[in-house]
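> Quick one: the structure is below, questions incoming.
The values are calculated or read from the model by the stated rules, or taken from the named source; none is laboratory data. None of the values given here were measured: they were computed from a predicted structure. Reconstructed Cβ throughout: ideal geometry from the backbone, glycine too, with neighbour counts over all protein chains shown. Heads up: the accessible areas ignore ligands, DNA and RNA and are worked out on the full protein's heavy atoms, side chains in. Shrake-Rupley method; radii C 1.70, N 1.55, O 1.52, S 1.80 Å.
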Amino acid sequence: MWSTVLNTLSLARRQRARHASLIGWAEPRGLAFEPRRDGACAFTGAWSGHAVRIELQAAGRPYLEGQELNARADIGVPLPTGVVLMNRSLKRAMERWSAYVYSQITNSLETVAQDLPEEVRWLSTFRDAGWQGPDEAFFARYAVLTDSPEEARALIDPAVVQALMHWPDDARSPDTPLLLMRVRGKLQLRLQLEPTRHPGCERHALDLFESLSQRLLAQARDLSSRA
């Protein structure tokens, strides 16, 4: 028994040292550190009473490689519309994946509707939106898919555009996959980690995630107070 306890404590110490930068970001924001094996970890807690979970783990989708940072926040108000931002290069990769998924499904239309991954449905139901304001370089680098362009413009405001276009020390490749979604009542960020970890980029992405989460939570509280 004691060897198990000591191994668990040793794992926790190693993981805290390995993820010190993320722990330094998460714990002041009320998120508890959960060490896992194979270098993975999670941070869990709540902002304004709504669940938040951030995981560093092996990439979980076929369009991502290596490790990913996956952050999710419940924003409290389910909305019928959606906004999905991703790299242009990721959109092309997702389109190829979508074509493969369609080619593998040969059953009835009902089965297709049930089996299609969410990302494939985005490509078929959301349109690639653009609007005046951001520099052309922004829309050359990122695609914004939505069924509500007005909502997309409100969510991806100038501060978000600035954050997405300017990463610390220009250490992040424009083609390294990034996915930011506000779909139904949740905000989610998926970030493929660079082969050589860059803590500044990870914190930068989480700063953006927190800022958007807090803004959406404030809007949810405002809607609730008007009801």
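> From Arg172, Arg184, grab the single residue that is touching a residue at least 12 places away in the same chain (Cβ under 8 Å), out of contact with any strand residue (DSSP E or B) (no Cβ under 6 Å at 6 or more places or on another chain) and closer than 17 Å to Ala51 by Cβ. It would help to see each step written out before you state the result.
Values: Arg172 fails: closer than 17 Å to Ala51 by Cβ.
Every option except Arg184 fails the conditions.
> If Ala51 satisfies every condition in (1) exposed (fewer than 15 other Cβ atoms within 10 Å of the Cβ); (2) more than 30 Å from Arg153 (Cα to Cα); (3) under 19 Å from the mean Cα position of the chain (by Cα) but one, which is the exception?
(2)
> Please state which one of Ala113, Ala137 is modelled with pLDDT under 90 and either open to solvent by less than 70 Å² (accessible area, probe 1.4 Å) or under 23 Å from Pro78 (Cα atoms) (or both).
Numbers: Ala137 fails: modelled with pLDDT under 90.
None of the others qualify; the one that does is Ala113.
> Failed condition for Asp147, given (1) open to solvent by 40 Å² or more (accessible area, probe 1.4 Å); (2) more than 24 Å from Leu217 (Cα to Cα); (3) at pLDDT 85 or above, with all others met?
(2)
> In addition: Does any residue of the stretch 156-177 turn out to be among the charged types (D, E, K, R) and modelled with pLDDT of 90 or more?
Yes, because at least one residue in the stretch 156-177 is among the charged types (D, E, K, R) and modelled with pLDDT of 90 or more.
> Given the residues Ala73, Ala51, Ala46, which is the only one that is closer than 21 Å to Leu217 by Cα and touching a Phe, Trp or Tyr at 6+ places or on another chain (Cβ under 8 Å)?
Details: Ala51 fails: touching a Phe, Trp or Tyr at 6+ places or on another chain (Cβ under 8 Å); Ala46 fails: touching a Phe, Trp or Tyr at 6+ places or on another chain (Cβ under 8 Å).
Selected residue: Ala73, the only one of Ala73, Ala51, Ala46 that is closer than 21 Å to Leu217 by Cα and touching a Phe, Trp or Tyr at 6+ places or on another chain (Cβ under 8 Å).
> Specify which of the listed residues (Leu217, Leu164) is of a type outside the set (Asp, Glu) and touching a helix residue (DSSP H, G or I) at 6+ places or on another chain (Cβ under 9 Å).
Leu164
> Glu65 fails exactly one of the following numbered conditions: (1) open to solvent by 50 Å² or more (accessible area, probe 1.4 Å); (2) charged (D, E, K, R); (3) modelled with pLDDT of 95 or more. What is the number of that condition?
(3)
> Of all residues being charged (D, E, K, R), surrounded by fewer than 21 Cβ atoms within 10 Å (Cβ to Cβ) and within 20 Å of Ala26 (Cβ to Cβ) in the stretch 173-209, which is nearest to the chain's Cα centre (by Cα)? Just the residue, please.
Step by step, filter the stretch 173-209, then rank; the result is Lys186.
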